[in-house]
Amino acid sequence: MQDAGVDLRRSAWMAAAQAGDGTAYQALLRDCIPLIKSVARRRGVSADHVDDVVQDTLLTVHRARQTYDPSRSFTAWLSVIADRRAIDLLRRIRRQDAREVHAPFAFENHADEAADPARGLTQAQATGDFADALANLPPRQREAVQSVVLDECSLADAAKLTHRTKGSLKVNLHRGLKALRGRIAFGG
């Protein structure tokens with residue numbers, strides 16, 4: 001019978017809130033939190049997401065408060081809303097998990113397509129370190145950096161100019177840029 005008394009109290013608070021009683025509305029929302037948490041846990045929501053369900057449920061109650069019929073059970077009405085918000089959250093998490101991949105080393109092993117290696121080299125040129133570092137590169141690496149980065153040739157054009165394959169040019173370019181970064185960053 002205590003559950004019926006709790007439900008009657010909640011129904012009375014909601015009816016008062018619908019009539020504009022802010023104090024009753026605050027008391028109702030505070031009283032709803034344990035029930036919402038219970039519904040979320042029963043649905044299988046992890047502990048770190050239970051508060052998300054509480055927040056979504058309270059927002060839904062606030063938006064739909066005028067649709068509540070005081071002659072019906074408030075606890076049942078709230079439980080259905082909390083259950084739907086828990087299901088929505090679980091579906092959202094499942095969709096995110098299906099799209100997202102946790103690969104902490106993937107970023108380090110993937111080249112940045114938007115990176116502009118010439119920008120860093122241009123800044124180093126101004127200080128004079130670049131010319132010294134470039135002069136100390138092996139000839140094939142120096143030629144690759146000169147033609148692709150400084151002269152801004154495509155790999156195909158640079159390969160024709162240097163009489164080498166694109167693959168060989170790419171390898172020498174990569175090695176040359178890496179050596180330049182190391183020499184310029186550490187001063188020698």
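The values are calculated or read from the model by the stated rules, or taken from the named source; none is laboratory data. Treat the numbers as computed from the prediction; the structure is a model and nothing was measured. Because the Cβ atoms are built from the backbone with ideal geometry, glycine has one as well, and the counts that use them run over all protein chains shown. The area values use the complete protein model at the heavy-atom level, side chains included, leaving out ligands, DNA and RNA. Shrake-Rupley method; radii C 1.70, N 1.55, O 1.52, S 1.80 Å.
When the stretch 172-186 is filtered for residues that are under 34 Å from the mean Cα position of the chain (by Cα) and closer than 13 Å to V148 by Cβ, the ones remaining, listed by number, are L173, H174, R175, L177, L180. Looking at (1) modelled with pLDDT under 80; (2) part of a helix (DSSP H, G or I), which is the one condition that is false for A103? Against the list (1) modelled with pLDDT under 80; (2) part of a helix (DSSP H, G or I), A103 comes up short only on (2).
Against the definition (free of Cβ contacts under 8 Å to residues at least 40 places away in the same chain, part of a helix (DSSP H, G or I), among the hydroxyl-bearing types (S, T, Y) and in contact with a helix residue (DSSP H, G or I) (Cβ under 8 Å, 6 or more places away or on another chain)), how does T75 come out, yes or no? Here the answer is no, as T75 does not meet what is asked.
Within the bounds of the stretch 33-53, is there any residue that is surrounded by fewer than 13 Cβ atoms within 10 Å (Cβ to Cβ), not acidic (D, E) and not in a helix (DSSP H, G or I)? Yes, the stretch 33-53 contains a residue that is surrounded by fewer than 13 Cβ atoms within 10 Å (Cβ to Cβ), not acidic (D, E) and not in a helix (DSSP H, G or I). Restricting attention to the stretch 1-12, the residues being assigned to a helix (DSSP H, G or I) and open to solvent by 30 Å² or more (accessible area, probe 1.4 Å) number 8. Residues in the stretch 13-23 that are without any contact (Cβ under 8 Å) to a residue 12 or more places away in the chain and not in a loop (DSSP other than H, G, I, E, B): A16, G22, T23.
In the set (1) surrounded by 13 or more Cβ atoms within 10 Å (Cβ to Cβ); (2) modelled with pLDDT under 95, the condition left unmet by T57 is number (2).
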